[in-house]
1. How big is the Rg/Rh ratio for the stretch 2-159, C-alpha atoms only, Rh by Kirkwood, two decimals?
2. For the stretch 62-67, just list the computed ³J(HN,Hα) in residue order, Karplus coefficients 6.51, -1.76 and 1.60, θ = phi - 60°, integers in Hz, with x standing in for Gly and Pro.
3. Can you give me the Rg/Rh ratio for the stretch 19-78, using Cα atoms for both radii and the Kirkwood formula for Rh?
4. Given +1 on the Cβ of Lys and Arg, -1 on the Cβ of Asp and Glu, and no further charges, what dipole in debye does the stretch 2-159 carry about its Cα centre, rounded to the nearest 20?
5. Could you run the Karplus curve 6.51 cos²θ - 1.76 cosθ + 1.60 with θ = phi - 60° over the stretch 72-80 and give me ³J(HN,Hα) per residue in whole Hz, x for Gly and Pro?
Amino acid sequence: MPEMRQRLAWLSTAPLMFAGLIAGHLLAYRLVYSDAHARADALARSGHAYFGYVPLALWVSFGVLLAGLALQATTGFRGERHRPVKSPLIVLLPPIAFVVQELAERVVHTGHVSWTLVVQPAFLLGLAFQLPFALAALLIAWALDSAARAVGRALRELARPAFPVLVSAPVRLVAAPRPAGLARGYGERAPPFARRP
């Protein structure tokens with residue numbers, strides 16, 4: 001059961017972490033390349049053509065987030081304990097994912113990675129944004145999980161009847177002991193007949 005609660009917490013944390021990763025990525029390129037044409041050219045040259053699909057990916061993430069919050073509210077309704085994602089060190093996942101993403105983009109697009117990638121302003125700024133965005137995503141996920149569980153608990157309280165319901169104790173049926181053979185009208189077994197010679 002603790003593993004299930006942990007997976008539930010990831011349903012709301014992972015989409016927000018993904019959104020933070022993409023937001024930091026986009027913001028870095030927007031700040032480094034303020035001109036829209038220069039930015040589009042830089043994104044096309046560095047293998048970021050897939051950014052056209054980011055809105056779809058964010059909508060899917062939003063759907064996963066809503067499903068996770070609905071499940072959190074359900075567990076709150078059942079009265080189960082709250083279990084956030086265990087380690088706050090998960091804020092280190094987006095910076096690592098950002099570096100891997102940038103390297104993979106270059107390899108897929110050009111077939112190699114230049115060592116100058118790590119000193120490019122867009123890379124450095126995007127990496128710098130990952131930690132604060134990840135921390136914000138984690139805090140928002142914790143707040144949303146708590147709110148969803150509070151909604152579930154409030155709904156549970158509303159579902160309780162306002163007046164006490166008298167419930168009778170369950171009736172236990174006990175089987176009567178079986179009477180012996182004589183008490184039922186049957187005789188005991190007689191000894192066998194002795195044979196005459």
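Just so you know, all these numbers are worked out from the coordinates, no wet-lab data involved. Predicted, not measured: the structure shown is a model, and the values here were computed from it. Please note: Cβ atoms are built from the backbone with ideal geometry, for glycine as well, and neighbour counts cover all protein chains shown.
1. Dividing the radius of gyration by the Kirkwood radius yields 1.09.
2. Along the stretch 62-67, the couplings run 5, x, 5, 4, 4, 5 Hz.
3. Using Cα coordinates only, the ratio equals 1.22.
4. My answer is approximately 520 debye.
5. 5, 5, 5, 5, x, 5, 6, x, 6
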